[in-house]
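In what follows, a single structure is set out as structure tokens and then discussed.
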Amino acid sequence: MGRPATIQRPQLLATARSVFARKGFEAATLADIATELNVTPAALLRHVKSKQQLFFEAMETGNIELPPSIQHLDSLTGEEDPRIVLRLFAHELIPFLASVISAVIAVHMHEHAAEIRLPFDREADNAPPRRALRVIEKYFARARDAGRIRITDERAAARLFLGSLHAYVLYQHVIKLRSYPLEPYLDALIDLWSNGGFSATQTKGAPGRRARAAVAGRGGGDVSLPAKRAKAARAPVQRDDRSADRQRRVAGRRTSRPRPRR
């Protein structure tokens with residue numbers, strides 16, 4: 001008879017976190033976690049006393065490791081094709097985001113808390129979202145300096161791209177609307193970044209500031225009417241003299257009054 005399989009604590013916590021996030025605390029069992037690790041439920045109890053303890057330790061702060069795509073992005077020069085770089089990055093980050101968000105929801109539902117407890121200190125400088133943002137911002141800055149991406153603000157660009165990935169996870173794994181495949185979503189996202197979504201005539205200057213100025217009523221930007229159309233819209237309407245004379249005659253007529261009944 002062979003020796004029973006052994007597991008390392010980090011492996012146990014990672015597997016338990018995945019199962020709890022997928023099934024929730026109530027539905028998940030020690031047998032489910034043990035099956036994924038190819039061990040018996042008794043083997044899990046050598047590391048923890050109960051499912052409750054395993055749940056909280058698996059979901060505890062500090063057990064979240066950023067995916068390798070973050071470190072890979074940090075090692076790039078910025079001269080690579082951003083369409084390939086960002087697509088591969090999204091492919092690896094979206095499952096990671098889905099796992100973390102599902103875990104947060106599982107903890108929230110188990111605790112019945114009024115406020116969602118994040119699995120990290122949001123104010124800490126080394127919080128996973130802050131670390132990831134710094135890496136992505138630096139990549140966008142390098143890609144811009146290498147002439148591979150046209151952006152004016154790498155911080156805004158990083159948040160826009162990350163926000164698009166978070167939106168997909170939100171709709172697919174939290175709100176759970178009708179399922180939409182990842183590949184066409186990434187096709188549209190990369191196409192939008194590559195070609196732009198607006199067909200307005202390009203002019204010099206920052207388009208974001210032009211649009212803000214136009215919305216605020218300060219003028220400027222391509223979102224306003226072209227000069228000729230705007231001038232025509234402001235010009236007074238010229239009426240035909242015969243039409244105006246006809247309107248005066250109609251206005252001068254007396255309205256007929258109905259005769260009273262006797």
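The values are calculated or read from the model by the stated rules, or taken from the named source; none is laboratory data. Not measured: the values here are computed from a predicted model. We place every Cβ from the backbone using ideal geometry, glycine too, and count neighbours over all the protein chains shown. Calculation scope for accessible area: heavy atoms of the full protein, side chains included, ligands and nucleic acids excluded. Shrake-Rupley method; radii C 1.70, N 1.55, O 1.52, S 1.80 Å.
Structural remarks
- Count - residues of the range 171-194 that are over 24 Å from residue 151 (Cβ atoms), aliphatic (A, V, I, L, M) and open to solvent by 70 Å² or more (accessible area, probe 1.4 Å): 2
- Flag for residue 45 being open to solvent by 80 Å² or more (accessible area, probe 1.4 Å), without any contact (Cβ under 8 Å) to a residue 24 or more places away in the chain, closer than 19 Å to residue 169 by Cβ and of a type in the set (A, V, I, L, M): no
- Residue in the range 142-154 that is modelled with pLDDT of 95 or more, small (Gly, Ala, Ser) and in a helix (DSSP H, G or I) present: yes
- Residue in the range 48-69 that is nearest to residue 127 (Cα to Cα), counting only those that are open to solvent by less than 20 Å² (accessible area, probe 1.4 Å) and free of Cβ contacts under 8 Å to residues at least 40 places away in the same chain: 67
- The set of residues in the range 127-160 being within 15 Å of residue 93 (Cα to Cα) and buried (at least 17 other Cβ atoms within 10 Å of the Cβ) consists of 128, 132, 135, 136, 158.
- Test: residue in the range 70-83 that is part of a helix (DSSP H, G or I) and either farther than 30 Å from residue 191 by Cα or at pLDDT below 90 (or both): yes
- Here is the figure for the range 1-37: residues that are open to solvent by less than 60 Å² (accessible area, probe 1.4 Å), more than 23 Å from residue 98 (Cβ to Cβ) and assigned to a helix (DSSP H, G or I) total 3.
- For the range 38-53, a residue qualifies if it is closer than 19 Å to residue 25 by Cα and assigned to a helix (DSSP H, G or I), and the qualifying residues are 41, 42, 44, 51, 52, 53.
- Residues in the range 169-195 that are more than 14 Å from residue 87 (Cα to Cα) and not charged (D, E, K, R): 169, 170, 171, 172, 173, 174, 175, 177, 179, 180, 181, 195.
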